[in-house]
Amino acid sequence: MKVYKAHILFTKEKDRFEVYENGYVAVGDDGRVTGVAKNLDELDCEGAEIVDFGDKLLIPAMNDMHVHAPQVHNQGVAMDLELLPWLQNYTFPEESKYADVEYAERMYRRFMHTQWLFGTMRSVVFGTVHTESTRRLMQLYQEAGMGALVGKVAMNRNCPEALCEDVEDAIAGNEQLIAEFPQLSTLNSQLSTSLVRPIITPRFVPSCTPELLKACGELANKYQLPVQSHLSENVSEIAWVAELEPESKSYGDAYNRYGLFGQTPTIMAHCVWTEGHELELMKRNGVMVAHCPTSNFNLSSGMASIRSLLDEGVRIGLGSDISGGHDLNMFRMLVYAIQVSKMHYQLNHDKAFLNLSEIFWIATKSAGSFFGKVGSFEPGYEFDALVIDDSVLYPAEYSLLHRLERFIYVGDDRQIVHRFCRGREVPEPIVK
Ligand SMILES: [Zn+2]
C-alpha cells in the first residue's frame, strides 16, 4: 500500500468539488483507493509508504472518450471542410496508410506520447480497418500501462477500396484481437480486468451495410463487448442515414435495430442533433454521449446541448475527436465544453451554462464509469491520478479551487509532473 499526500481535489458529485488541503489518499496493491482523508490517522494504512507531494495538486487523470489515433498526422490540417468532404479527401487517404504496420507504429507512438503528456490515462479509441496495426496500437497501450478500449474499425461501403473489408474478414479480425486481449489479465500473479480491450467499432451507418452492422451487433453480444460509433453529428449525415435506413425511426434506432445501442455498454460520439425518439432510446438504453466540442466547431457540425442532456439524465463524457478536433489536451476540452454551453445560454437563458465542477465531473467520474470505477478518489476507485505542480502560476495568491481552475484554463502539460493509471506511475512512452 502507498499513501500520497498533497492538495487533493475531485468530484464525487457533479455539483461540488471535494477538497482535502494537505490531505492523504491511500492506494492498495491492486491499484484501488482504500481511503481519502484530511488526517493520516483517519486512514487504515499502517506500514504503508508515504509519498509527500508537498504543495502540489492531486486530481483524477483525464479520459478521452472519442479519438481517432490514426488521424494524428492530420491534426490541425484541412480545418476548412465539413464532415463528408473532409472524410473523403483527408481522413480516408491517411487511414489507408495504416496497412503499413511500421508507419502505423511510428504514428501511434507519436499519438500516445501526446496523450501521456496531457495526462490522458484512459481512452476510447478508433483504429483503422487493419487488424495488424490495431493489434500494434493495443500492444503499445499495454506496454505503456495506459488504459484503452481500442476499435478495429468496421466499414464496407462508401469508402475507398483500400478501407473496404468483407464482413467475414471484419469479424475474423475482431475475433483474433478479442482472443489476444482477454477480459482478464494476470498482473503480478493477481488476476484483474485488462487495461486494454477491444471495442466493437462500426465507423458509422453510412460506412456499414446492414449485413456488417448486424454482424457487429452479434459480435458485441457474443463476447459482451462495448460498442462505439458516431451519432447525429451533422445534418447532411443525418439525412443520408434516413435514406440508407428508411425503416429506422431515428439515426440511433438504426444502431439499435442491429444490437448496437446499449445492448452492451455503448458510447456514441457527438449527438449534436439528438432529440425525440433517439433521446428516449439513449436514456432507456444507458448509451453514453462523447461530447467533442472542438470537432463540432471545426467541422461546422453544431453545438451539442450538454446541459439539456445532463438534465435528461444521459451519461456523458468528453472526447478530443482528433482530427475533426485539433487538440489532444483534455483540460482544454473542459474549457471548450463550458464555452459551448455559454453559447447555448446566450440563445436560451432558461438553461444555465455548465460550471467547473459539472464539467470536471463529466470528464472524470462520469466518463470514467465507462471503464468501471474510474475518475474519482472514493474508496474502491482505481487510482488514475495526476500530480500538478502549478508553482509557475503564482499558487500562493489563490485558493485551491482557483489554482485548479487556473491550471485548467491557462496551464499545460509542463505542470503535470506525475501520472498514475490504476495505481502505477506511467513513465514517458518512447517515441521513435
Ligand atoms: Zn470521430
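The values are calculated or read from the model by the stated rules, or taken from the named source; none is laboratory data. In this text, all values refer to a predicted model and were calculated from it rather than measured experimentally. Positions of Cβ are generated from backbone atoms using ideal geometry, with glycine treated the same way; all protein chains shown enter the neighbour counts. Just the protein is used for accessible areas: all its heavy atoms, side chains included, with ligands, DNA and RNA removed. Shrake-Rupley method; radii C 1.70, N 1.55, O 1.52, S 1.80 Å.
If each residue of separation counts as 0.36 nm, what is the full-extension length gain between SER308 and GLN88 once their alpha-carbon separation is subtracted?
Computed gain between SER308 and GLN88 is 75.9 nm.
What Kirkwood hydrodynamic radius, in Å, does segment 220-260 give when the mean of 1/r is taken over all pairs of distinct Cα atoms and then inverted?
Evaluated on segment 220-260, it is 11.1 Å.
Between GLU243 and ASN221, how high is the FRET efficiency from 1/(1 + (r/R0)^6) when r is the Cβ-Cβ distance and R₀ = 41 Å? Nearest 0.05.
After rounding to 0.05, the efficiency reads 0.90.
As a check on your grasp of the helix formula, calculate [θ] at 222 nm for the chain: sum -39500 (n - 2.57) over DSSP H runs of n ≥ 4, divide by the residue count, round to the nearest 500.
-9500 deg cm²/dmol
Distance in nm between label sites at ASP412 and ASN348, each 7 Å beyond Cα in the beta-carbon direction?
According to this spin-label approximation, the distance is 3.7 nm.
Please calculate how many Å² of accessible area the chain carries per residue, with a 1.4 Å probe and no DNA, RNA or ligand atoms counted.
I get 39 Å² per residue for this part.
Any idea how far apart LYS12 and GLU211 come out in nm if each label point goes 7 Å out from Cα toward Cβ?
With each label point 7 Å from Cα toward Cβ, the separation is 5.4 nm.
Give the peptides 349-355, 112-118 in descending order of average Cβ contacts within 10 Å, highest first. Walk me through the numbers before you get to the answer.
Working: 349-355: 14.6, 112-118: 21.3.
In descending order of packing, they fall as 112-118, 349-355.
Within segment 224-247, name every residue whose backbone N is under 20 Å away from a label modeled 7 Å from Cα of ARG284 along the Cβ vector.
The answer is 227, 231-232, 242, 245-247.
Taking all protein chains as present, what is the carbon and sulfur share of the accessible area of the chain, in % to the nearest whole number, probe 1.4 Å?
49
Given Cα pairs under 8 Å that are at least 6 residues apart, what percent is the relative contact order of the chain? Please list the in-between numbers first.
Working: 947 pairs, mean separation 91.5, N = 432.
Over the chain, the number comes to 21 percent.
What does the charge dipole of the chain about its Cα centre add up to, to the nearest 20 debye, if the Cβ of each Lys and Arg holds +1 and the Cβ of each Asp and Glu holds -1?
Roughly 300 debye for the chain.
³J(HN,Hα) across segment 14-22 via Karplus (A = 6.51, B = -1.76, C = 1.60, θ = phi - 60°), whole Hz, x for Gly/Pro?
Whole-Hz 3J(HN,Hα) from phi for segment 14-22: 6, 8, 7, 8, 8, 10, 10, 6, 6.
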